1. Translational diffusion coefficient of segment 3-137 at 25 °C, 0.890 mPa s, Stokes-Einstein with Kirkwood Rh over Cα pairs, in µm²/s as a whole number.
2. Give me the dipole magnitude in Debye, nearest 20, for the chain about the Cα centre, with unit charges on the beta carbon: positive for Lys and Arg, negative for Asp and Glu.
3. Counting each DSSP H run of 4 or more residues in the chain as -39500 (n - 2.57), what helix-only mean residue ellipticity at 222 nm follows after dividing by all residues, to the nearest 500 deg cm²/dmol?
4. About its Cα centre, how strong a charge dipole does segment 1-46 have in debye, to the nearest 20, once Lys and Arg get +1 and Asp and Glu get -1 at the Cβ?
5. Enumerate the amide H contacts of residue 48 below 5 Å, restricted to partners 5 or more residues apart or on another chain; note that Pro and chain-start residues carry no placed amide H.
6. Can you compute the equivalent ellipsoid semi-axes for segment 62-138, i.e. the square root of 5 times each eigenvalue of the Cα gyration tensor, sorted largest first and rounded to whole Å?
7. With θ set to phi - 60° and the Karplus curve 6.51 cos²θ - 1.76 cosθ + 1.60, what are the ³J(HN,Hα) couplings of segment 4-15 in order, to the nearest whole Hz, using x for Gly and Pro?
8. Name the residue farthest towards the positive end of the dipole of segment 1-62 from the options 1, 20, 41, assuming +1 on Cβ of Lys and Arg, -1 on Cβ of Asp and Glu, about the Cα centre.
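Values in this text are rule-based calculations from the coordinates and carry no lab data. Model, not experiment: these values are computed from the prediction. Here Cβ is always computed from backbone atoms with ideal geometry, including for glycine, and neighbour counts include all displayed protein chains.
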Amino acid sequence: MTAAHAADIAAIERATFAEPWSEKSIAALADDPKAIARVLVRDGKVAAYYSMYVVAGEGFVNNLAVAPDMRGRDVGSALMRDMMYAASLSGVTALTLEVRESNAVARALYEKFGFKSAGIRKNFYPDKENAVIYWLNI
């Protein structure tokens, strides 16, 4: 990912999340030495992306999202495989993330790749929805 991808990623963020990251925050990931951020580009445009922070051997997944017109094509699974590979190359031994309790599609994807629920963060999101905490040892 480069800062040039930020506008496309921000558009996916707005289409996907109730609390999207700003284009400026997304662009900053490109220069952050603690971040791993990857994009999948189709026809010159970002079709999907993920980002995570790596600290002390653990990866914290910020976001993983697929453009609406690319959903249902196993793109999320391809991103997960790449994320796990990139994490292992960086010495990460565990991945963690939070996901909205109501996001059944994302939860099913994470569980498909072996993530296990480790609890609930009550009222985690600004709209008071709970977050499910997931962990995966790799």
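1. 161
2. So the dipole magnitude of the chain works out to roughly 280 debye.
3. Details: 4 runs with 42 residues, N = 138.
So the calculated ellipticity at 222 nm is -9000 deg cm²/dmol.
4. Details: 6 positive and 7 negative charges, 22 e Å.
Its charge dipole is roughly 100 debye.
5. 40, 67
6. Details: eigenvalues 87, 62, 20 Å².
So the three semi-axes of segment 62-138 are 21, 18, 10 Å.
7. Rounded to whole hertz, the list is 5, 7, 4, 5, 5, 5, 4, 5, 5, 4, 5, 7.
8. 41
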